[in-house]
1. For residue 14, are the conditions met, namely being surrounded by 12 or more Cβ atoms within 10 Å (Cβ to Cβ), in contact with a Lys or Arg (Cβ under 7 Å, 6 or more places away or on another chain) and not polar (S, T, N, Q)?
2. Does residue 82 satisfy the criteria of being open to solvent by less than 50 Å² (accessible area, probe 1.4 Å) and in contact (Cβ under 8 Å) with a residue 24 or more places away in the chain?
3. Consider residue 41 against the criteria (1) within 13 Å of the chain's Cα centre (by Cα); (2) surrounded by 11 or more Cβ atoms within 10 Å (Cβ to Cβ); (3) assigned to a loop (DSSP other than H, G, I, E, B): it satisfies all of them except one. Which criterion is unmet?
Amino acid sequence: EPETRVTKNDKEYVSYTVATQTNRARGPEEAAPPSTFHRVLSFVPGHNQFLTKVPKGSLVYVEAELEVKEPDPEAEPGSFNAQRQIMLRHETLRVLRGPRKDRDASTSTDA
C-alpha cells in the first residue's frame, strides 16, 4: 500500500513498492522467476493523491528516475550519510489492470 510520509524539511511525499520479474517461466513445468521489489518515491503533490488510491496488487507501468547519492567522505562511519543512497524518483504511473480479484475494473490513468 502506498504510504504518505514527510521529509525532515516537512515536505510530503508518497512511498510505494513495485515488484518486477526479469523473465517469465517458459513452460508449465518451470516456476516463475522470483520477484524483485523496488521502492519508489513521489514528490509530486499532484500525483500523490492518485498514488495513494492505487490498490495493492494492481498491474502498473511505472517510469522513475534512478538517483544515486555517493557517501559523504566526512560523514561518521556507519551513519546514514556515510552510505551510498539509491532512490527511484516517481515520474509516471499507469494502471494497466486492477488486482486479480478485480479484473473487470481495469483502468488506465496517467499520474
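The values are calculated or read from the model by the stated rules, or taken from the named source; none is laboratory data. Quick caveat: nothing in here was measured; it's all calculated off a predicted structure. Quick reminder, even Gly has a Cβ in these numbers, built from the backbone with ideal geometry, and neighbours come from all protein chains shown. Just the protein is used for accessible areas: all its heavy atoms, side chains included, with ligands, DNA and RNA removed. Shrake-Rupley method; radii C 1.70, N 1.55, O 1.52, S 1.80 Å.
1. Values: surrounded by 12 or more Cβ atoms within 10 Å (Cβ to Cβ): yes; in contact with a Lys or Arg (Cβ under 7 Å, 6 or more places away or on another chain): no; not polar (S, T, N, Q): yes.
Here the answer is no, as residue 14 does not meet what is asked.
2. On the way: open to solvent by less than 50 Å² (accessible area, probe 1.4 Å): yes; in contact (Cβ under 8 Å) with a residue 24 or more places away in the chain: no.
Against the criterion (open to solvent by less than 50 Å² (accessible area, probe 1.4 Å) and in contact (Cβ under 8 Å) with a residue 24 or more places away in the chain), residue 82 does not qualify.
3. Of the numbered conditions (1) within 13 Å of the chain's Cα centre (by Cα); (2) surrounded by 11 or more Cβ atoms within 10 Å (Cβ to Cβ); (3) assigned to a loop (DSSP other than H, G, I, E, B), the odd one out for residue 41 is (3).
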